[in-house]
Amino acid sequence: MSPEDAARLAGLLHAARQDARLADLPADIRLPTTPDEAYQVQAEIVRLSGEAIRGWKVTALKEEDRAAYGGTRPVAGPLLSGWVFPSPAEVPLSRFVAPLLECEFAFLLGRDLPPRETPYTLEEIAEAVAALIPAFEIADGRVPPDAPGALRLADSMGNGAFIPGPPVSDWRALDRAGPVALFIDGIEIETGSGARILGDPLKAVQHLANAQPLCAPLRAGHIITTGTATTPVRLEQAGRVEADFGVVGRVEASQRRMSSYHRRR
């Protein structure tokens, strides 16, 4: 993919995110077909935004899911600073196209994880993690859900917003596979578990570290969010959401009072 092609697509995706709409992609535009091409577009979106990378959302952790993105390794999209809202947060639904709420275990890096030939072990990853964070991701996309995987990856891997809860520095003995309960306006509507993420969400960080290069390096201070522990819930009207991660803590947000929802099937 040429730099000109990447820049053209990035401009369209970036503008669509600012306007909370699907991108209008002309028939003659060159689309990415591999993770490396998608990362070219991501890097240009980061440049256009003028925002810092605050972290990453990882996906395709299972081998059978990777072909959809045109590659053979896990992939990730950047979490940009203008779309990260610490809990308790208030984020207008008008900023999104078709937002889905996901409860996620996230990890704050305390040191860089540069690309290297020797794979990182899980213990090395644990030593690099400064804190465990309960979090919401609001997944959203500027391309249709059935768009090719590499195009969805280019579109920041469908990140809409990220809402981190309080970080827990003494995290290693905590139950990372424990239950998660999601409440909307005080009503429990979904339960899940960190065990959905490879049995232990820390493994997602290991997989990502060993899947580099991305569109930028993994740096100290970055947050790695590991995938949803609950069934995604469509946000359609205003209300208050809370997630209880047990000993890991809670995260909460308001979408100008979310009260209507349905589970994604």
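The values are calculated or read from the model by the stated rules, or taken from the named source; none is laboratory data. Keep in mind that this is a model prediction, so the values were computed, not measured. Backbone-built Cβ (ideal geometry, glycine too); neighbour counts: all protein chains shown. Surface areas here come from the heavy atoms of the whole protein model, side chains and all, with no ligands, DNA or RNA. Shrake-Rupley method; radii C 1.70, N 1.55, O 1.52, S 1.80 Å.
So, counting K/R as plus one and D/E as minus one, what does the shell of residues with Cβ under 14 Å around residue 171 add up to?
Details: positive: 172, 176; negative: 127, 170, 175, 200.
Neighbourhood net charge equals -2.
Using only the alpha-carbon atoms of the range 23-160 as identical scatterers, what base-10 log of I(q)/I(0) does the Debye formula give at q = 0.11, 0.19, 0.22 Å⁻¹?
Taken in order of the listed q values, log10 I(q)/I(0) reads -0.45, -1.35, -1.63.
With equal scatterers on the alpha carbons only and no solvent term, can you work out the Debye log10 of I(q)/I(0) for the range 117-257 at 0.10, 0.15, 0.16, 0.21 1/Å?
Normalising to I(0) and taking log10 leaves -0.38, -0.85, -0.97, -1.46.
Taking only DSSP H segments of four or more residues, each worth -39500 (n - 2.57), what value at 222 nm results for the chain once the sum is divided by all its residues, to the nearest 500 deg cm²/dmol?
Mean residue ellipticity, 222 nm, calculated: -6000 deg cm²/dmol.
What accessible area, in Å² to the nearest ten, does a 1.4 Å probe give for residue 222?
Counting only protein heavy atoms, the figure is 20 Å².
As a test question: what accessible area, to the nearest 10 Å², does residue 172 have when a 1.4 Å probe is rolled over all protein chains in place?
Result for residue 172: roughly 120 Å² accessible.
Let me see the pair-distance distribution of the chain: every alpha carbon pair, 10 Å bin width, integer percents in order.
7, 32, 37, 20, 3, 0
Span-like helices, the chain: DSSP H, alpha-carbon axial extent 18 Å or more, mean Kyte-Doolittle -1.0 or greater, which ones?
Numbers: long enough: 3-19 (24 Å, -0.46); 35-49 (21 Å, -0.36).
Result, helices passing both filters: 3-19, 35-49.
Given the whole protein assembly as supplied and a 1.4 Å probe, what does the accessible area of residue 21 come to in Å², nearest 10?
Ignoring ligands and nucleic acids, residue 21 comes out at about 90 Å².
Taking 0.36 nm per residue of separation and subtracting the Cα-Cα distance, what length does fully extending residue 124 through residue 47 add?
24.6 nm
Can you find, among 81, 18, 107, the residue farthest towards the positive end of the dipole of the chain? Put +1 on the C-beta of Lys and Arg, -1 on that of Asp and Glu.
18
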